[in-house]
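The values are calculated or read from the model by the stated rules, or taken from the named source; none is laboratory data. In this text the structure is predicted, and so the values were computed from the model without any measurement. For neighbour counting, all protein chains shown are included, and Cβ atoms are generated from backbone atoms with ideal geometry for every residue, glycine included.
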Amino acid sequence: MIQLKRTNSNNSDFIELVKELDAYLKIVDGDDHSFYNQYNSIETIKHVVVAYLDFTPIGCGAIKKLDNTSMEIKRMFVSPKTRGHGVATSILIELETWAKELNYKKCILETGKRQVEAIQLYKKNDYKIIPNYGQYKNVENSFCFEKHI
């Protein structure tokens, strides 16, 4: 059974999972990796969820305040060997619940067009494509999503 733990970006399991995520994204994003990577610092994230299976960390995600009504979903990742079992959806729902508890009205996020599994995850969980926001405004390889919670 999957266990979810609320923590912050100082959590060593989260840090290790993010290293796996960054290695994966370096391959998938190719030449665009350095652009995206500059927006993925985890040093000051206060709201992190780590998923465990038999006490082994297998996935993570985070939320970060974007404005007074929105939290941004960041650093979503599930280890490749445990994908396809609903772990990412469990993490996402926990992040949405946490954002709601903190009185935010919506979650927004950006993902790359090459992240096919991520796009499917967000669509399956009722996220709607929106115009690219912030630093992603004119980035052709980005999709931005939002969900009112």
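Return yes or no: is Ile129 crowded, with 16+ Cβ neighbours inside 10 Å and at pLDDT 95 or above?
no
Between Ile45, Ile63, Ile73, Ile58, which is more than 11 Å from the chain's Cα centre (by Cα), in a strand (DSSP E or B) and within 22 Å of Glu16 (Cβ to Cβ)?
Ile58
Within the stretch 88-99, is there a residue that is in a loop (DSSP other than H, G, I, E, B), out of contact with any Cys (no Cβ under 9 Å at 6 or more places or on another chain) and either in contact (Cβ under 8 Å) with a residue 12 or more places away in the chain or closer than 22 Å to Ser9 by Cβ (or both)?
Within the stretch 88-99, none of the residues are in a loop (DSSP other than H, G, I, E, B), out of contact with any Cys (no Cβ under 9 Å at 6 or more places or on another chain) and either in contact (Cβ under 8 Å) with a residue 12 or more places away in the chain or closer than 22 Å to Ser9 by Cβ (or both).
Just give me the residues in the stretch 101-120 being part of a strand (DSSP E or B) and not β-branched (Val, Ile, Thr), in sequence order.
Lys106, Cys107, Leu109, Glu110, Gly112
With respect to Arg75, is the statement that it is in contact (Cβ under 8 Å) with a residue 24 or more places away in the chain and out of contact with any Leu (no Cβ under 8 Å at 6 or more places or on another chain) true?
Answer is no for this residue.
Can you name the residue in the stretch 1-22 that is in contact (Cβ under 8 Å) with a residue 60 or more places away in the chain and part of a strand (DSSP E or B) and, of all such residues, is surrounded by the most Cβ atoms within 10 Å (Cβ to Cβ)?
Only one residue tops the list, namely Leu4.
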